[in-house]
Structures are given as structure tokens and as C-alpha cells.
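Reading through the C-alpha cells given below for one structure.
The values are calculated or read from the model by the stated rules, or taken from the named source; none is laboratory data. All values reported here derive from a predicted model rather than from experimental measurement. Here the Cβ is made from the backbone with ideal geometry for all residues, glycine too, and neighbour counts use every protein chain on show. In case anyone asks, the SASA skips ligands and DNA or RNA and just uses the protein heavy atoms, side chains included. Shrake-Rupley method; radii C 1.70, N 1.55, O 1.52, S 1.80 Å.
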Amino acid sequence: MLIPHDTRIALDTVVDLVNTAPEGGRGEALGDVPSLYAFVEGHKISGVGELDAHDLRAVRAVRGRFAEVFAAPEARTAAGLINQLVAAAGTTPQLTDHDGYDWHVHYFAPGASVADHLAADCGMALAFILVAGERERLRRCEAPDCGRAFVDLSRNRSRRYCDSRTCGNRLHVAAYRARRREAAG
């Protein structure tokens, strides 16, 4: 599946945003305005000015809607959620080249809030996945104690864990040890 650079960045951003939610024993990663600033800076989200508590509440609300997209039972439900997010953000597609990146599309309106910026750009990236008929690539980690969101970009859509080095490896080692105990016992 060929994904343009800006779409890939937006997909990574939406996954990271959804994974900031307090779930599975993890605390709230967007607990205050400084943590929102850190998220914005860490993801190089352009055109963001001063942030305040209103922005934090709005980004958390958008995050919740994106989590619903990952949990959607089928493409039609996901499409409806994405349509709502993108429409509410006042999507205004425009070509731009900035910060060393070649031409790409920004979907947020100039001067948009950070929540609208995320809703527009990340919503359109998720729309790209749905239009390509690849909704099943939007997944949650199958590790029982994890549940983090991820986009499965493997060739055969076989990825089961958010990170094979942590969740996947931990479960494989546990299964191996269980087999060894059973064989010895």
C-alpha cells in the first residue's frame, strides 16, 4: 500500500494521539497544557500558536472521536465518524511546501485551532485508509494488558501487536515458557 509522506505522518500522529488516553493502566499523557505543547512539538504540528486549557479539552474530545474510529465495527460507522470530524474542523484543503517538505496537502483552515488541525489532517489520513478499502488496518494491540492503537502497514495485514519488540515478544516468551513447563511437568 503506497501512502504519501504527509498521510503517513498524519497516521502516526493520530495513533500517538489515541494512545495518549488513560487506558490499560496507563495514565493520562495529555494531563496539562505543557504536555499538549510537548505533543505538538514532538509531532511537528505546524501553524499552532498559544495553547490553553480550552485547546487541551478540545484535543481530548477529538482524541475520543478518533478512538471511536479505531473501535468502529465496520467501515460505514468509521466513515460516519470521520465525516463528522472533518466537517466540524472546517476542512480547507491547500497545497503547501514548508519546513523542508515537498508539496503536500494541509486540510485544516489557516489559523485553525490545534484540535481542528488534528481533526482535519488526521481525519483525512484515516479517510485515505477507508477509501483504499483498508479499514481493517486500523487496529488495537492484541496483548491482553495493552490495547494501544496502531495502523497495520504490513504487506499481508498480519500485525497483531503495537510493538513486536515489547508486546509481541512478551507474549511469545510467556507461551514458550508455558510450553516448557507443560512438557516438563
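Cβ-Cβ below 9 Å, separation at least six or inter-chain, first residue in region 73-89 and within 11 Å of Ala120 (Cβ to Cβ), second among the acidic types (Asp, Glu) and open to solvent by 20 Å² or more (accessible area, probe 1.4 Å): which pairs?
Close Cβ pairs (under 9 Å, with a partner that is among the acidic types (Asp, Glu) and open to solvent by 20 Å² or more (accessible area, probe 1.4 Å)) amount to Ala88/Asp116; Ala89/Asp116; Ala89/Asp121.
Restricting attention to region 37-87, and to residues there that are exposed (fewer than 14 other Cβ atoms within 10 Å of the Cβ) and basic (Lys, Arg), which single residue is farthest from Cys162 (Cα to Cα)?
Arg57
Can you name every one of the helices (runs of 4 or more DSSP H) wholly within region 1-98 that holds 3 or more residues which are at pLDDT 95 or above, touching a strand residue (DSSP E or B) at 6+ places or on another chain (Cβ under 9 Å) and β-branched (Val, Ile, Thr)? Break it down into steps so the answer makes sense when it comes.
Values: elements: 5-18, 33-42, 53-71, 75-88.
By residue number, 5-18.
Find the residue count for region 100-153, including only residues that are open to solvent by less than 30 Å² (accessible area, probe 1.4 Å), among the hydrophobic types (A, V, I, L, M, F, W, C) and modelled with pLDDT under 90. Walk me through it before giving the result.
Here is the first cut: in region 100-153, the residues open to solvent by less than 30 Å² (accessible area, probe 1.4 Å) are 104, 106, 108-109, 112, 114-115, 117-123, 125-127, 129, 134, 137-138, 141, 143, 146-147, 149-152.
With among the hydrophobic types (A, V, I, L, M, F, W, C) added as a condition, the list becomes 108-109, 112, 114-115, 118-120, 122, 125-127, 129, 138, 141, 143, 146, 149-151.
Then keep just the ones that are modelled with pLDDT under 90; that gives 108-109, 112, 143, 146.
Of the residues in region 100-153, 5 are open to solvent by less than 30 Å² (accessible area, probe 1.4 Å), among the hydrophobic types (A, V, I, L, M, F, W, C) and modelled with pLDDT under 90.
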